[in-house]
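The values are calculated or read from the model by the stated rules, or taken from the named source; none is laboratory data. Small disclaimer: the values here were computed from a predicted structure and weren't measured. Methodologically, a virtual Cβ is constructed for each residue, glycine included, from the backbone with ideal geometry; neighbour enumeration extends over all protein chains shown. The protein model used for the area step is the full one, side chains on, heavy atoms only, and it has no ligands, DNA or RNA in it. Shrake-Rupley method; radii C 1.70, N 1.55, O 1.52, S 1.80 Å.
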Amino acid sequence: MSIGVCYFPEHWPRERWKTDIRQMADAGIEYVRMAEFSWRVLEPERGEFDFEWLDEIVDLIGEYGMQAVLCTPTASPPRWLVADRPEILQTDRDGTVRSVGSRRHYCFNSTAYREETERVVSAMAERYADEPTVVGWQTDNEYGCHGTTRCYCDDCTTAFRDWARERYGTVDALNDAWGTTFWSQQYDDFEQLDVPRPTPAQDHPSLVLDFARFSSDSVVEYNRLQADLLREANDEWFVTHNFMNLFESLDAYDFGDDLDLISWDSYPTGHAQQAAGETTRDELRAGNPDLLAFNHDLYRSVLDRPFWVMEQQPGDVNWPPHSAQPAAGAMRLWAHHATAHGADAVVYFRWRRCLEGQEQYHAGLRKQDGTPDRGYHDATQTAGELFDVDDVDAPVAVVHDYENAWALGEQSHAPDFDYWQLLQSFYAALRAHGVQVDIVPPERDLESYDAVVAPALHLLTESVADRLTKYVESGGELLLGPRTGVKDESNKLRSDPHPGPLSALVGATVDQHETLPAQFERTVVRTDDAHTDYAFRTWAEWLTADAAESLLEYAGDDIEAGRTAAVRNAVGEGRVVYCGVWPETDLANDLVRSLLDRAGVRRADPLPEGVRVAQRGGYTWVMNFRSDPIAVTVESDASWRLGGSKVDPFDLAIADADVVDGLSARVLE
Ligand code: GAL
Ligand code: ZN
């Protein structure tokens, strides 16, 4: 378990380098990541490489006993290259060419850019192939950031046609799969197929879905080009890429084969402001622990092994709407929180506040004058506290599928229907019970999980439905969310009653659905206890139970009153619950708690908001993302490795045993 830092030696005078490196080593830093935007200093003119400066820094890092992670510099192609080969530039949907002048201005499908990439990556890989201080590589930087996954240039149009030819074989097969008779949209030839252009009305949903698939595939292919070159040069290196918060346009699972390590960039106070709804004061100071943990769990689950936080917020940052100072200790809390969820390293971004360019309003571990900033103290303390621990072993899986995010994004059917938020509603309920969760694609083997939650399988293939059915038949506990089994894999409506291929398993079908604006407060009640009512939001289905028993029905006196809203069915050795509404917190907590109890998963008592616990390798982390202190009660005489049963605001404690079962926490006002 280590900490690291992102360093840009090219921004600072050479005379300063040794001091910087020494101060990093003093802080207990073990990894230094560099070079992701340094193409122009590495290759000032075509073919004239200058590695001497990077050699010197790598040597210094080695001398001080640290290790270097290098990045390929392809996120910012220099001006001379753009002038030489302007066809590498990206094109917006409206036809605007994205100019050089910031970063990420290249197209993933540009043949020219792939050639240039090969050149620069090979040169760097060869240069450091035998350098023991370099232990791994990050490809590029944050693929797709600034809305750059999808490009609408001529190269992309051609590549999209080839992709569709490969997938469908004939244009008739494409017409059939998509359903293009609607509004006379049939294609006569693949040459008529275009990337989605601005048109008067809504786009064809199947075109949108396939363009999203194609765009993600293009980045996977581009990344493979880089990864192969690096692996060829030295197969001992790890190859990683730094993904982003709830990043929708790239299917992270598809990168798994080409990467040895998955990492992501965590900016808690920024991500909290990107989420829907109001940001609370505590979130402005330290972020939302469930949002962060969701990312940790997702990226850990891609390869089912420890991940890295490749960029950790070091203090205030420049890009969210508001730039709050993180709470005292937050930079330490985040690192421990990541560790509890399976991180093996947390790398702070950046070493020192930069004097030039776009990110002057972004803190570093050191201030602009080189003196220690708040993050430096936190990072140093953290480095002294981390210890080695086995990987997370999660008893529960949440099923996540990017194609569903793409399809639902296009036909959300309500302004506030957001795929990620729906997943979060169920995920937060699991985390409120202290349960570790893997976030897995629908194709993943589910047999090892005691319980599975699939909140949003809107597009559903027969084969996934079969696997879910077998899972339940053989004793699994499954919880399904609304809008399940509505579409086929081309984003066409299924002709059978929904949830389509899961209707037999669920023992009920959907009679009607509706979306509701937020101002209409509606509730459902428990069928077995008409006094317990629960709020729900956005989406409501009227179910017709067949073999299943009714769990919830609509309350009130409007047209849905008395109709079924959720059902439970026992099949084989297991059970399935289908919830036809989007549950608010109390309902999600109750559904999840009964799922866990039926599945025999050990859990905490529901934890207060902002208080979270996580178990990894026989230790239990108690993390307080609140501005109030908390008191923790555990049912064993385990001792505290760090902290104790009273946890201060934005602080944490670590017990040296698994004490999640029966743990409870109370906020001290
Ligand atoms: C990340 C990016 C970094 C830097 C940082 C600022 O998205 O990878 O290069 O821009 O944000 O917070
Ligand atoms: Zn393009």
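Table: residues versus (1) modelled with pLDDT under 95; (2) more than 16 Å from the chain's Cα centre (by Cα); (3) open to solvent by 50 Å² or more (accessible area, probe 1.4 Å).
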site	(1), (2), (3)
193	no, yes, no
213	no, yes, no
217	no, yes, yes
223	no, yes, no
247	no, no, no
251	no, no, no
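Looking only at residues in region 265-289 that are in a loop (DSSP other than H, G, I, E, B) and hydroxyl-bearing (Ser, Thr, Tyr), the one that is nearest to ligand 2 (Cβ to nearest atom) is 267. Specify the residue that is farthest from ligand 1 (Cβ to nearest atom); the eligible residues are those in region 334-381 that are among the charged types (D, E, K, R) and closer than 25 Å to residue 76 by Cβ. Checking each candidate, the answer is 366. Looking across 162, 140, one residue alone is within 16 Å of ligand 2 (Cβ to nearest atom), in contact (Cβ under 8 Å) with a residue 12 or more places away in the chain, out of contact with any Phe, Trp or Tyr (no Cβ under 7 Å at 6 or more places or on another chain) and not hydroxyl-bearing (Ser, Thr, Tyr). It is 140. When we screen 303, 298, 292, 284 for residues that are under 14 Å from the mean Cα position of the chain (by Cα) and open to solvent by 20 Å² or more (accessible area, probe 1.4 Å), the only hit is 303.
Do we find that residue 104 is free of Cβ contacts under 8 Å to residues at least 60 places away in the same chain, within 16 Å of ligand 1 (Cβ to nearest atom) and under 26 Å from residue 231 (Cα atoms) in this structure? So residue 104 passes the test. Once region 461-487 is narrowed to residues that are part of a loop (DSSP other than H, G, I, E, B) and in contact (Cβ under 8 Å) with a residue 60 or more places away in the chain, the residue that is nearest to the chain's Cα centre (by Cα) is 481. Restricting attention to region 95-108, the residues being under 28 Å from the mean Cα position of the chain (by Cα) and not in a loop (DSSP other than H, G, I, E, B) number 1. From the list 113, 128, 106, the lone residue that is more than 14 Å from ligand 2 (Cβ to nearest atom), of a type outside the set (Val, Ile, Thr) and crowded, with 19+ Cβ neighbours inside 10 Å is 128. Just checking, does region 9-32 include any residue being in a loop (DSSP other than H, G, I, E, B), surrounded by fewer than 16 Cβ atoms within 10 Å (Cβ to Cβ) and touching a helix residue (DSSP H, G or I) at 6+ places or on another chain (Cβ under 7 Å)? The answer is no, given that none of the residues of region 9-32 is in a loop (DSSP other than H, G, I, E, B), surrounded by fewer than 16 Cβ atoms within 10 Å (Cβ to Cβ) and touching a helix residue (DSSP H, G or I) at 6+ places or on another chain (Cβ under 7 Å).
Each residue in region 553-570 was checked for being crowded, with 20+ Cβ neighbours inside 10 Å and farther than 16 Å from residue 512 by Cβ, and 2 pass. For the criterion of being open to solvent by less than 30 Å² (accessible area, probe 1.4 Å), touching a residue at least 60 places away in the same chain (Cβ under 8 Å) and within 16 Å of ligand 1 (Cβ to nearest atom), residue 331 fails.
Across region 585-631, the number of residues qualifying as open to solvent by 20 Å² or more (accessible area, probe 1.4 Å), under 24 Å from residue 656 (Cβ atoms) and among the hydroxyl-bearing types (Ser, Thr, Tyr) comes to 1.
Counting residues in region 384-395 that are more than 16 Å from ligand 2 (Cβ to nearest atom), modelled with pLDDT of 95 or more, among the charged types (D, E, K, R) and more than 30 Å from residue 442 (Cβ to Cβ) gives one or more. When region 530-552 is filtered for residues that are open to solvent by less than 50 Å² (accessible area, probe 1.4 Å) and acidic (Asp, Glu), only 541 remains. Quick check, is residue 500 touching a Gly at 6+ places or on another chain (Cβ under 7 Å), buried (at least 21 other Cβ atoms within 10 Å of the Cβ) and over 24 Å from residue 559 (Cα atoms)? For residue 500, the condition - touching a Gly at 6+ places or on another chain (Cβ under 7 Å), buried (at least 21 other Cβ atoms within 10 Å of the Cβ) and over 24 Å from residue 559 (Cα atoms) - is met.
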